[in-house]
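Inspection log for the structure reproduced underneath, given as structure tokens.
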Amino acid sequence: MADVNEEGMAKDDEVMAPPPGSDYEVAFTYHSENPLERAYDKAVHWVKAGVHPQKIFLEDRSMGVINFRKVMKDPLLIQAGVERMIDFRCSLTLSDTDVDAVFSSVCYYEPDAPEPTYINAYDPELGSIKDVLNMVSNNLFSYLQKPLVRPDNYEQDA
């Protein structure tokens, strides 16, 4: 399991993934249905300023890809007083008007658990994990749909 620092985050240099050859790799794919403006630029900002990933594996404008790892507290269980961490990789594929978010290598664990549980299609927590990843992708899509900020002195032609 990942070593956790005092903020409850896994250490930056540790990469978690399902055991090799396992059937635990479940990819969750979300697609933004709305047209976007400058999606890549906004997504990079969202990842770095909002998500604060543990590691960015790939950031390539020419390919339109951002791939990162995030460990976060499960927002659905915090209100119930339960602390559970969710660890995932996210690959964003972007164009100027479109975005797909694919979550993989998804696992969850309580901070004192000896081993993480990698999600599979039969896991009783699958629905809860899907809800959390859906929240993350909806947050991204909402951010990407916001209009670009224009300077105050910008005037449109009438």
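Overall dimensions of the stretch 59-129, expressed as equivalent-ellipsoid semi-axes from the Cα gyration tensor (√(5λ), whole Å, largest first), are 28, 12, 12. Charged neighbours of Pro111, selected by a Cβ distance under 10 Å, balance to -1 (K, R count +1; D, E count -1). Residues Ser32, Ser142, sorted by accessible area with the largest first, give Ser142, Ser32 [1.4 Å probe; ligands and nucleic acids excluded]. Accessible area per residue for the stretch 42-81 is 52 Å², calculated with a 1.4 Å probe on protein heavy atoms, without ligands, DNA or RNA. For the peptides 65-74, 113-122, the ranking by packing is 65-74, 113-122, with the highest mean count of neighbouring Cβ atoms within 10 Å listed first. Search the structure for amide H atoms under 5 Å from the amide H of Val99, placed 1.01 Å from N in the peptide plane, and list their residues when 5 or more places away or on another chain. The list, which skips near neighbours in sequence, is Ser32. Seen from Asn139, the other residues with C-beta closer than 14 Å to its C-beta sum to a net charge of +2, counting Lys and Arg as +1 and Asp and Glu as -1.
The values are calculated or read from the model by the stated rules, or taken from the named source; none is laboratory data. Please read all numbers here as calculations on a predicted model, not as lab measurements. Every residue, glycine among them, receives a Cβ derived from its backbone with ideal geometry; neighbour counts consider all protein chains shown. These accessible areas exclude ligands, DNA and RNA; they are computed on the full protein's heavy atoms, side chains included. Shrake-Rupley method; radii C 1.70, N 1.55, O 1.52, S 1.80 Å.
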